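Working notes, structure below.
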Amino acid sequence: MAWLRAGTVAVTSGSTTVTGTGTNFAAARIGDAFIGPDGRSYELANVASATVILLGSPYLGSTVSGASYVIMPVNGYQKVLADTVRDWTNLYGPKMAALGTTGNYDTLPVSKGGTGGANQADARAGLGLGAVAIESTVPVAKGGTGGTDQATARAGLGLGTAAVLNTGSAVGSALRVGDFGLGSSGVSVASLNNITTNMDFTTNGATTGVPVGQGTADGQGMGFHLQHDNPAFAYQKWTQLGTWRTFERSKNNNTWLAWAEMYHSRSAVGTVSQAAGVPTGALIEKGINSNGYYLKFADGTMICGAEGRPGTFDNATNINYPWTYPIPFTSLYFVNANILGGKGGEKVISTVSCYSRTLTSAIAAALSTGVFTAADASSISFDVFAFGRWYG
């Protein structure tokens, strides 16, 4: 760059401001040398305008105006330029080389990674783009949605509100087949006590929390869990595989209540059982054997009876029937008997009673004030009845 001499300058001793008249300071650069009217060189710190510059240090000469000056370019410009070109070559040289012959085209063809067109229409044609490429909103007729936002796009495609629902078990979600809804299979669970969401479930011998059969094959079953919107409350129902036994329970304030068995026409009659006084089997059990019939109830009550049992001659005042109950009692309330037939006249029967009562047997007897003979026994038979408990 040539040295600047045009115009004159005004300088003030001790000031860094130089004011020019007819000057072209804009052509100078920061770092250039300002040779003032005092003959000293000062570094150019700022080019404010074509007529104002700032020196890097205060002017040392006398205050003058209309004086001549020189601005001399420093010798480092060529080095800076050389350094810049070197850095640019190191950074961009390999990338420019990779362009190969593409740098020789005024219009880069598609085969070289361009569009082959010098305007939009030719570029679209070169890329094989159809008319939809210039549509602001691609209509449904051309394979688009016809919408510029989600709502109008869904409307353009004829989608309903289900299109914006997520699938899952959260409230407001859409259920897929198998997501605990209709058509789903029960989810195998390790513990019924830890379920916190609505679901159908299956259990096996390792599942904990089942009402019966925990730790055994009898723990296999299926059921469902209903979760209240308050997580502290829930309801479960469980049915055992291979039987008609069904149970239900509720969670109340984060505590599961005991399972309660549900009875119906298939499960009411069967084998009664209990554990610590809590029924664990059917409501009623009935049976019959050579000693008579029995009825057992889930609460522990038991009734035994027999009909038309033949009398046996014991002595002149006693015709009886020694009765062994169909099954033994654990406690006995009473035993009673009635007779069928009987003698009249001098052999009037005065009393029918049961004595020698135990938990396994009793003796039903017809007593008379007259004199029985052995032949009288064939005309007397007994209906017997006992009431007590099978446990407790």
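Values in this text are rule-based calculations from the coordinates and carry no lab data. Keep in mind the model is a prediction, meaning the values are calculated, not measured. Here the Cβ is made from the backbone with ideal geometry for all residues, glycine too, and neighbour counts use every protein chain on show.
Exposure proxy ranking for W323, W88, W244, based on other Cβ atoms within 10 angstrom of each Cβ and starting from the fewest, stands as W88, W244, W323. Using a Gaussian network model of the chain whose springs link C-alpha atoms within less than 10 Å, name the residue from T360, T280, T89 with the highest mean-square fluctuation. Maximum fluctuation in the GNM of the chain, among the listed residues, is at T89.
Label sites at A6 and N289, each approximated as a point 7 angstrom past Cα along Cα to Cβ, lie 13.5 nm apart.
Check each of the trypsin sites (Lys or Arg not before Pro) in the stretch 248-295 and keep only those in coil by DSSP with at most 16 other C-beta atoms within 10 angstrom; list them in order. List each step's numbers first, then the result.
Working: sites: R249, K251, R266, K286; in loops: R266.
Listed in order of number, the matching sites are R266.
Report the one residue of A48, G388, L257 whose Cα lies farthest in the direction of the positive end of the charge dipole of the chain (charges on C-beta: Lys and Arg +1, Asp and Glu -1; origin at the Cα centre). Positive-end residue among those listed: A48.
About the Cα centre of the chain, how large is the charge dipole given +1 on each Lys and Arg Cβ and -1 on each Asp and Glu Cβ? Please answer in debye to the nearest 20.
On the way: 23 positive and 22 negative charges, 54 e Å.
So the dipole magnitude of the chain works out to roughly 260 debye.
Using 1/(1 + (r/R0)^6) with R0 = 41 angstrom and r between the beta carbons of E307 and H264, what's the FRET efficiency to the nearest 0.05? Efficiency computed from Cβ-Cβ geometry: 0.85.
Annotation: extensible slack from A206 through N166 equals 11.0 nm (criterion: 0.36 nm per residue apart, minus Cα-Cα distance). Calculated FRET efficiency, N336 to D218, Cβ-Cβ distance, R0 = 41 Å: about 0.50 to the nearest 0.05.
The distance separating the Cα centre of the stretch 281-302 from that of the stretch 137-157 comes to 75 Å. Taking the charge dipole of the chain about its Cα centre, with +1 at Lys and Arg Cβ atoms and -1 at Asp and Glu Cβ atoms, the residue from A206, A33, P139 reaching farthest to the positive side is A33. Each residue, T271 and V74, gets one label point 7 Å from its Cα in the Cβ direction; the gap between the two is 10.8 nm. In terms of its alpha-carbon gyration tensor, the stretch 286-389 comes out prolate; a/c meets the 1.5 threshold, and the first ratio a/b outweighs b/c. Label zone of S57 (point 7 Å out along Cα→Cβ, amide N under 16 Å): in the stretch 1-32 this covers 13-17, 31-32.
Helix-only estimate, please: 222 nm mean residue ellipticity of the chain, summing -39500 (n - 2.57) across DSSP H runs of length 4 or more and dividing by its residues, to the nearest 500.
Working: 3 runs with 37 residues, N = 392.
It comes out at -3000 deg cm²/dmol, rounded to the nearest 500.
In this simple spin-label model, placing a label point 7 Å from the Cα along the Cα-to-Cβ direction at both W244 and S188 gives a separation of 3.0 nm.
Counted residue by residue at 0.36 nm each, then reduced by the alpha carbon distance between them, the extension gain from T16 to K237 reaches 70.0 nm. The angle separating the long axis of helix 77-98 from the principal Cα axis of greatest extent in the chain is about 40 degrees.
So what's the net charge close to V384: Lys and Arg +1, Asp and Glu -1, counting the other residues with Cβ under 15 Å from its Cβ? Numbers along the way, then the final one.
On the way: positive: R309, R357; negative: E307, D383.
In short, 0.
Quick one: if the Förster radius is 22 Å, what FRET efficiency do T84 and A27 give, using the C-beta to C-beta distance and rounding to 0.05? If you can, show how the numbers build up before the last one.
On the way: r = 20 Å, r/R0 = 0.92.
After rounding to 0.05, the efficiency reads 0.60.
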